[in-house]
Amino acid sequence: MQMWMKWSSEALINLTPHSSLFVFFAYGVLFLLAVVSALSVVVIFYNLYANYRQKKIALNREWLKNCIESYLHGNLSALALKKQILSQNSELVGVLAQMGESGNPVYRARLLSVIPECHCEFVISDELQRVKSKKWLDRLNAMTYLSFIAPASIVTQPLLNGLGDEYLDVRLAAALSLSELDDPASIKPIMAS
């Protein structure tokens, strides 16, 4: 053992310029391997966290949908639903839009009544403010969801204004939402845009 240590220390002392370059590259490779390993661990943990968040959001959306269904069937009070809405406000618009895609007009009308009955009109106000946002993605989402969360009397004019948006996607979302309202007066502006 001592002989090997003596030989290895003598070998390090007697390094030639070419062998010192090799050692330098070996340390560089080890350093890069450590960096790649550390980054891989970070990516794995971030992926696990993102999956956890997605599952949590899906569970929250499902819970909110079940609460709304319970309210519509008379099994949950407006006050209890309002508490759920306030705790999961960011998911409400998407859940109502998803539920409102059913072709049943009676069910859809009942869904439109959920927000006023629970005194959560701020949700509609927030979406109407997003229509005026400088960010095109906010305007797109607002145009997409408005017809599912508010009556035609409130959203027709903002949607008609959306037909003149600078972005094609926002104009298309406004046109689709107007078509969901079944308002014959909106046909001419849709065709003109």
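Overview of results
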read-out: Accessible area, probe 1.4 Å, largest first, for residues Tyr52, Tyr71, Tyr167, Tyr46; value: Tyr46, Tyr52, Tyr167, Tyr71
read-out: Vicinal HN-Hα couplings computed from phi for the stretch 126-142 (Karplus, 6.51 cos²θ - 1.76 cosθ + 1.60; Hz; Gly/Pro x); value: 4, 5, 5, 5, 5, 4, 9, 5, 7, 8, 5, 5, 5, 5, 4, 5, 4
read-out: The stretch 110-146: GluC sites (Glu not before Pro) falling in loop per DSSP and having at most 13 other Cβ within 10 Å; value: Glu121
read-out: Mean accessible surface per residue for the stretch 128-193, computed with a 1.4 Å probe while every protein chain stays in place, in Å²; value: 58
read-out: Accessible area of Leu176 in the full protein assembly, 1.4 Å probe (Å², nearest 10); value: 120
read-out: Mean Cα-pair separation over length for the chain, i.e. relative contact order, pairs under 8 Å, 6 or more apart, %; value: 13
read-out: Apportionment of accessible area to carbon and sulfur, the chain, percent (1.4 Å); value: 65
read-out: Kirkwood-based Rg to Rh ratio, the chain, C-alpha trace; value: 1.41
read-out: Paired Rg and Dmax values of the stretch 85-193, which use every Cα atom, in angstrom; value: 13.2, 42
read-out: Projected area, mean over directions - the stretch 71-140, Cα convex hull, nm²; value: 5.1
read-out: On Cα atoms only, tilt of 168-180 relative to the major axis of the chain in degrees; value: 40
read-out: Where Lys56, Lys188 fall by accessible area, highest first, once all protein chains stay in place (1.4 Å); value: Lys188, Lys56
read-out: Sparse-neighbour loop sites [trypsin sites (Lys or Arg not before Pro); the stretch 90-168; at most 12 other C-beta within 10 Å; DSSP]; value: Lys132, Lys134, Lys135
read-out: Residues with amide H under 5 Å from that of Leu76, placed H, sequence gap 5 or more; value: Tyr71
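The values are calculated or read from the model by the stated rules, or taken from the named source; none is laboratory data. Quick caveat: nothing in here was measured; it's all calculated off a predicted structure. Counting neighbours? That spans all protein chains shown, and the Cβs are built from the backbone with ideal geometry, glycine included. Ligands, DNA and RNA are excluded from the accessible area calculation, which covers all protein heavy atoms including side chains. Shrake-Rupley method; radii C 1.70, N 1.55, O 1.52, S 1.80 Å.
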